[in-house]
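The values are calculated or read from the model by the stated rules, or taken from the named source; none is laboratory data. What you see is a predicted model; the values in this text were computed from it and never measured. Reconstructed Cβ throughout: ideal geometry from the backbone, glycine too, with neighbour counts over all protein chains shown. With ligands, DNA and RNA removed, areas are computed over all heavy atoms of the protein, side chains included. Shrake-Rupley method; radii C 1.70, N 1.55, O 1.52, S 1.80 Å.
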Amino acid sequence: MGVRIGIDTGGTFTDLVVMDEASGQVDIVKLPSTPDEPSRAILAALRQAGIDPADATYLVLGTTVAVNALLQRRGARVLYITTEGFEDVPFLQRVSRRFHYDLDWERPLPLVARRDCLGVRERVDYKGETVTALTAEGIEDLIAAIRERLADVDSEPANLAFALNFLFSYVRPDHEASVREALTEAFPGVPISASHEVAPIWREYERASTTIADAAVKPLVSRFLGSLDAGLRERGFARSWSVMKSNGGQMLAETAGERPVQTVLSGLSGGIIAGQAFGAEAGASNVITFDMGGTSTDVGVVADDRIKYTTAWEIEFGLPVAAPFIEMTTMGAGGGSIAWVNKGGLLQVGPQSAGAVPGPACYSQGGEEATVTDANVVLGRLNPDNFLGGDLPLDADLAFRAIERTARDVGLPPVDTAYAVVEIAVENIAEAMRLLTVQRGLDPRVFSLVAFGGAGPLHAAAIARVIGTQATLIPPHPGLCSAFGTLLADIRVDKTWTHLVRSDAPDLADLDVRLNGLVREAVEDLGREGFEGAPAIHRSANMRYLGQNYEEEIPIPDGPLTQDAWQQLLDGFEQHYEAEYGYRIANEVIEVVQLSVSAVGAASKPQLSPLPERPPAAPRAQRRVYFDPREPVACPVFERSDLSPADVIQGPAVIEELDSTTLVHPGQTLTVGSRGLASLVWA
């Protein structure tokens, strides 16, 4: 046995979890990220951990490199190549508006310039039959047009990518394949994303947006993974290693560079997987996961011990990425979120963030604007001398001055302003949790809140009180929970086939053949990604009533797609539809639009080591903390590593550890489980 290494590199911090496979003992490292070269912080964390990579039997990476590049529009220059006459699709987008009555609202620009959208003379119809043949002359004209576009701009291959998206390529991909072959020969070294591989789905715009996003981040992700792999090899690591996917699975690093769009929410999915595991340890099958870091907050829901998935994620409103994702909500509400005053004089928090550099004012790195972290320092909730175990001391005076400047703008005393900053952040996060629960018919009062991330446990109690959840669970090493989740992830492959089938004229034999083909492809890909054994297979169909524009995903019964199984599928759709919308349309034709298959290879789940028996912990210090702006309260300060199942701590109290701080409010009780999972409940 050796060690397992889980890594989560985010916009603010890079987290490393090292678990001994024999004992379950965990060592952790948390360092500021190096956004210019993310692999540098990872390799530095390995050095600080004192781990010889040659001893590692398992290494998994979760990363926000792709999503940060998309959100900040730092991707490569993309040349979008499509069927002639459809070059404007990325700009036409959809007719929907984010704000119906805001005349100043403008739809977001795509990740490609209009002059870089090129058409090719070719076309097939929805059945895959040729309408306009692709010719050698057409390909030559395309290559000439590309050379013309690149003549006046110094675009090195490292900063350039092609995105191919032809009409109905998911039915007949040979035109895209031929053009890709010609471009590879004419422009060696330039990465190419083809829609029939990236997003073999119908709806032209969604396929275009997804393929462009894949191309935009492909050079960046490939360089990052290549740099990290080279660094690991230099240090003696000789095994294959994996990258988390947005669907909560993992894939080999060499595959991730070819399909970077599947890693967009890589760094976030590990947190929900870990949240599900810690909820199960506490006996909670319904949990809301709350991951608050330095830059953003991510909220997910696990209902009846099941994680929900979606293919509807957007870079920003109107820019979809059609790939399998764990369903979650992300918002700009982290420790580095900036407090500011709008034109009406109202205090707001985020989504702007100070990030890792310059960071909050208290980081002493040049940041001057007040942030949530600065507010917590002013309120006494964070210990300036013990942030990151003392490796990153905070300047309380700089925090106070930043809050004081904001206080003058809103006309409040500094402490009142700091308290307001935290409460606004809490309410913003609580609203996101309501969107995922109350507005979907879920009662948050039957859920527990699993709080993690560097800032999650600091704000969890206040959020739990607002939305009314049961217990609040704080995992061991909460600031590194997403990194720990990478060690729990299964290997997962998703396959889809887009094809329109009516319930009154199904070709069940053809559907069964296609479905079995998807299963076979998924299992083969699973093997290529390192899984050995019998995977779990999940099959589903996207269905709708005739004339509708959007579908519902319905599980397909196990076994051959017989007439009985087909009827079960139709009945399942109507039952789901009635439960979701309150009615069904009797005797209406039902359409199947897409078949989907997920193959899941279960990974062995590591267990944390039990806590040793010890006497109840004694506080190591005492600190004055504001729980409201009127008067500070003297709070005992405990070290998390001192706690054991013998401890029952009545609030108010502060629990400090290397990667996070837990705030126990007055009226709360904290207890600790056998493996270190802390539970907070209101009296």
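Points worth noting:
- Note on exposure: Glu181, Glu588, Glu553 ranked by accessible area (1.4 Å probe, complete protein assembly) read Glu181, Glu553, Glu588, with the most exposed listed first.
- Listed by number, the DSSP H helices of the chain that run 20 Å or longer by alpha-carbon position along their axis and have mean Kyte hydropathy of at least -1.0 are 136-151, 204-234, 266-281, 396-410, 414-436, 508-528.
- Estimated FRET transfer efficiency when R0 is 35 angstrom, pair Arg465-Gln575 (beta carbons, to 0.05): 0.40
- Placed amide H near Tyr309: partners under 5 Å, 5+ positions off or other chain: Glu327
- When each of Lys30/Lys605; Lys30/Lys308; Lys30/Lys495; Lys127/Lys245 is checked by Cα-Cα distance, pairs over 27 Å: Lys30/Lys308; Lys30/Lys495; Lys127/Lys245
- Enclosing the Cα atoms of the stretch 570-678 in their convex hull gives a volume equal to 247 cubic angstrom per residue.
- Cut-off 9 Å between beta-carbons: net charge of the residues surrounding Gly318, Lys and Arg +1, Asp and Glu -1: +2
- Cβ-derived FRET efficiency at R0 25 Å, Glu254 paired with Asp27, nearest 0.05: 0.35
- Separation of alpha-carbon centers, the stretch 479-554 and the stretch 233-268, rounded to whole Å: 20 Å
- Diffusion coefficient, µm² s⁻¹, Stokes-Einstein with Kirkwood Rh over alpha-carbon pairs of the chain at 10 °C and 1.306 mPa s: 60 µm²/s
- Neighbourhood charge, 14 Å Cβ-Cβ cut-off, centred on Pro110 and excluding it, Lys, Arg +1 and Asp, Glu -1: -2
- If the segment from Asp391 to Leu150 were pulled out straight at 0.36 nm per residue, it would be longer than the present Cα-Cα gap by 82.0 nm.
- Global form of the stretch 104-173, assessed from the alpha-carbon gyration tensor, a/c cut-off 1.5: oblate
- Charge dipole magnitude, Cβ of K and R +1, D and E -1 - the stretch 501-586, Cα centre, debye nearest 20: 120 debye
- Between Thr330, Ala354, Val410, the Cα set farthest toward the positive side of the dipole of the stretch 286-411 (charges on each charged residue's Cβ, about the Cα centre) is that of Val410.
- Its alpha carbons give the stretch 177-336 an Rg and a Dmax of 17.8, 59 Å.
- For Ala646, the residues whose modelled amide H falls within less than 5 Å of its own, excluding neighbours fewer than 5 places apart on the same chain, are Arg614.
- Inter-centroid distance (Cα atoms) of the stretch 395-464 relative to the stretch 13-34, Å: 28 Å
- Couplings for the stretch 644-661, taken from phi via the Karplus curve 6.51 cos²θ - 1.76 cosθ + 1.60 with θ = phi - 60°, read 8, x, 6, 8, 10, 10, 8, x, x, 6, 10, 10, 10, 8, 3, 9, 6, 10 Hz in order; Gly and Pro are left as x.
- From the alpha carbon centroid of the stretch 50-77 to that of the stretch 604-683 is 32 Å.
- Taking every alpha-carbon pair under 8 Å whose residues sit at least 6 apart, the chain reaches a relative contact order of 12 percent.
- Chain lengthening between Asp36 and Thr184 when straightened (0.36 nm per residue, less Cα-Cα): 50.4 nm
- Bridges between two residues of the chain, per DSSP, are antiparallel at a rate of about 70%.
- Charge dipole (debye, nearest 20) of the chain; +1 at Cβ of Lys and Arg, -1 at Cβ of Asp and Glu: 1120 debye
- Residue-span extension gain [Gln607 to Val357] - 0.36 nm each, minus C-alpha spacing: 86.5 nm
- Ranking Val29, Val112, Thr83 by how far each Cα lies toward the positive end of the dipole of the stretch 1-123 (charges on Cβ) leaves Thr83 at the top.
- Farthest towards the positive end of the charge dipole of the chain, among the residues Pro191, Ala282, Leu680, is the Cα of Leu680, using unit charges on the Cβ of Lys, Arg, Asp and Glu.
- When Rg and Dmax are taken over the Cα atoms of the stretch 78-134, they come to 15.2, 45 Å.
- For the stretch 445-530, size of Cβ-based charge dipole, Lys and Arg +1, Asp and Glu -1, in debye: 600 debye
- Rounded percent of accessible protein surface that carbon and sulfur make up, the chain, 1.4 Å probe: 50 percent
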